[in-house]
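**Student:** Submitted below is the structure of interest, expressed as structure tokens.
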């Protein structure tokens with residue numbers, strides 16, 4: 001999908017492909033509030049993309065990758081990971097365009113609810129997710145453990 005964004009020639013939202021991985025990883029490492037863990041290897045990201053085809057997207061302006069989102073589902077709930085937009089391109093609706101593309105892909109797979117995990121102190125993420133009508137849950141706790 002191609003969208004005109006004020007202040008830029010255009011932004012294209014396209015499916016996240018393996019060839020985008022280096023630029024996406026650079027964006028994540030550059031983006032405050034994105035926590036990339038040691039176990040998030042290129043191989044694991046590629047497996048995620050294979051298991052969830054057409055759910056994750058990147059934003060391209062000209063020849064520059066300026067945004068990305070990882071999205072997938074377990075057959076019941078959709079999950080969003082690492083939604084990021086280059087700071088120079090924020091406030092143009094790019095994150096929402098990627099979110100909408102992923103939501104459409106989830107809806108096409110009959111997924112009716114999403115879950116998002118964000119660091120509690122990431123005010124930018126909290127503002128975005130509440131801005132797209134996600135409700136912060138206070139009745140759940142998140143637990144994790146290495147396998």
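The values are calculated or read from the model by the stated rules, or taken from the named source; none is laboratory data. The shown structure was predicted, so the numbers you read here are calculated from the model rather than taken from an experiment. Cβ sites come from the backbone with ideal geometry, for glycine too, and all protein chains shown count toward neighbours.
**Student:** Return the only residue of 47, 11, 15 being in contact with a helix residue (DSSP H, G or I) (Cβ under 8 Å, 6 or more places away or on another chain) and either surrounded by fewer than 13 Cβ atoms within 10 Å (Cβ to Cβ) or touching a residue at least 24 places away in the same chain (Cβ under 8 Å) (or both).
**Tutor:** When all the criteria are applied, what remains is 11.
**Student:** Yes or no: residue 54 surrounded by 15 or more Cβ atoms within 10 Å (Cβ to Cβ), in contact with a helix residue (DSSP H, G or I) (Cβ under 6 Å, 6 or more places away or on another chain), modelled with pLDDT under 95 and at positive phi?
**Tutor:** Here the answer is no, as residue 54 does not meet what is asked.
**Student:** What is the number of the single condition among (1) surrounded by 13 or more Cβ atoms within 10 Å (Cβ to Cβ); (2) without any contact (Cβ under 8 Å) to a residue 40 or more places away in the chain that residue 106 does not meet?
**Tutor:** (2)
**Student:** Here's a follow-up. Examine the stretch 65-81 for a residue that is at pLDDT below 95, under 21 Å from residue 134 (Cα atoms) and touching a strand residue (DSSP E or B) at 6+ places or on another chain (Cβ under 9 Å), and state whether such a residue exists.
**Tutor:** Looking through the stretch 65-81, at least one residue is at pLDDT below 95, under 21 Å from residue 134 (Cα atoms) and touching a strand residue (DSSP E or B) at 6+ places or on another chain (Cβ under 9 Å).
**Student:** Considering only the stretch 74-91, state which residues are farther than 19 Å from residue 28 by Cβ and crowded, with 20+ Cβ neighbours inside 10 Å.
**Tutor:** Once the filter is applied, which keeps residues that are farther than 19 Å from residue 28 by Cβ and crowded, with 20+ Cβ neighbours inside 10 Å, the stretch 74-91 yields only 78.
**Student:** Given the residues 101, 59, which is the only one that is over 30 Å from residue 147 (Cα atoms), in contact (Cβ under 8 Å) with a residue 40 or more places away in the chain, surrounded by 11 or more Cβ atoms within 10 Å (Cβ to Cβ) and in contact with a helix residue (DSSP H, G or I) (Cβ under 6 Å, 6 or more places away or on another chain)?
**Tutor:** Values: 101 fails: in contact with a helix residue (DSSP H, G or I) (Cβ under 6 Å, 6 or more places away or on another chain).
None of the other options fit; the residue is 59.
**Student:** Starting from the stretch 136-147, take each residue that is at negative phi and in contact (Cβ under 8 Å) with a residue 24 or more places away in the chain and list its partners that are surrounded by 10 or more Cβ atoms within 10 Å (Cβ to Cβ) and assigned to a loop (DSSP other than H, G, I, E, B), counting only C-beta distances under 9 angstrom and pairs at least six apart or across chains.
**Tutor:** Between residues of the stretch 136-147 that are at negative phi and in contact (Cβ under 8 Å) with a residue 24 or more places away in the chain and residues that are surrounded by 10 or more Cβ atoms within 10 Å (Cβ to Cβ) and assigned to a loop (DSSP other than H, G, I, E, B), the close pairs are 142/117.
**Student:** Return the only residue of 43, 96 being more than 13 Å from the chain's Cα centre (by Cα), modelled with pLDDT of 95 or more and part of a helix (DSSP H, G or I). Talk me through it step by step, then tell me what you get.
**Tutor:** Working: 96 fails: more than 13 Å from the chain's Cα centre (by Cα).
Residue meeting the stated conditions: 43.
**Student:** Do we find that residue 3 is at pLDDT below 95 and exposed (fewer than 15 other Cβ atoms within 10 Å of the Cβ) in this structure?
**Tutor:** Details: at pLDDT below 95: yes; exposed (fewer than 15 other Cβ atoms within 10 Å of the Cβ): no.
When the stated conditions are applied, residue 3 does not pass them.
**Student:** Only residues that are under 11 Å from the mean Cα position of the chain (by Cα) and either assigned to a loop (DSSP other than H, G, I, E, B) or within 17 Å of residue 14 (Cβ to Cβ) (or both): list them for the stretch 73-93, please.
**Tutor:** The answer is 82, 83, 84, 85.
**Student:** Within the stretch 69-90, does at least one residue satisfy the condition of being under 15 Å from residue 49 (Cβ atoms) and in contact (Cβ under 8 Å) with a residue 60 or more places away in the chain?
**Tutor:** Scanning the stretch 69-90 turns up no residue that is under 15 Å from residue 49 (Cβ atoms) and in contact (Cβ under 8 Å) with a residue 60 or more places away in the chain.
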